[in-house]
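This report refers to the structure that appears directly beneath it.
The values are calculated or read from the model by the stated rules, or taken from the named source; none is laboratory data. Note that the structure is a prediction, hence the values are computed from the model and not measured. Using ideal geometry, Cβ is built from the backbone for each residue, glycine included, and neighbour counts are taken over all protein chains shown. Side chains included, ligands, DNA and RNA excluded: accessible areas come from the protein's heavy atoms. Shrake-Rupley method; radii C 1.70, N 1.55, O 1.52, S 1.80 Å.
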Amino acid sequence: MVNPGWADLDRGLFSISVAAELAGLHPQTLRIYEREGLLDPVRSAGGTRRYSRRDIDRLQEICALTADGLNLAGIRRVLEMQEETRQLQAEVARLQKLAAHRAAPGPADRDIPAHPQSGRGAEPGLRPD
């Protein structure tokens with residue numbers, strides 16, 4: 001059976017040495033990334049850094065960006081833009097769902113004629129018979 005904590009991508013599971021090994025980096029590099037604001041691991045009650053699976057994924061993304069030639073300032077900007085894009089996509093999805101919900105006629109809408117004299121719906125801009 002898998003530990004339920006393992007499924008939580010944001011739960012701090014790994015020490016700095018394990019996280020560094022998983023990402024193929026030196027622990028000091030992780031400290032630099034944290035100081036530069038690229039990474040924010042949770043801290044235990046005693047102040048020990050604890051890295052999550054999401055942190056490990058982010059480290060791998062940072063490694064890929066450095067391999068492409070970006071410096072830390074460029075990486076920070078790319079990560080900020082990716083987060084902004086995620087937030088905007090979530091907002092678009094929320095608005096699309098809201099619009100679809102409002103556009104879908106409810107059961108009461110189908111029973112009420114749009115034009116009471118004709119008994120049938122009239123299209124906007126057209127006069128009833």
Original post:
In sequence order, what are the phi-derived ³J(HN,Hα) couplings for segment 77-84 according to the Karplus relation 6.51 cos²θ - 1.76 cosθ + 1.60 with θ = phi - 60°, rounded to whole Hz, with x for glycine and proline?
Top reply: 5, 4, 5, 4, 5, 5, 5, 4
Original post:
How do 55-62, 98-105, 39-46 rank on mean C-beta neighbours within 10 Å, highest first?
Top reply: 55-62, 39-46, 98-105
Original post:
Quick one: ranking D10, D68 by accessible area, 1.4 Å probe, largest first, what do you get?
Top reply: D68, D10
Original post:
If you roll a 1.4 Å probe over segment 23-82 with all protein chains in place, what percent of the accessible area is carbon or sulfur?
Top reply: 48 percent
**OP:** Run through all the Cα pairs of segment 27-75 and give the fraction in each 10 Å bin from 0, expressed as whole percent.
**Re:** 25, 56, 16, 3
Original post:
Roughly what would the spin-label model give for D68 and L9, points 7 Å off Cα along C-beta, in nm?
Top reply: 1.9 nm
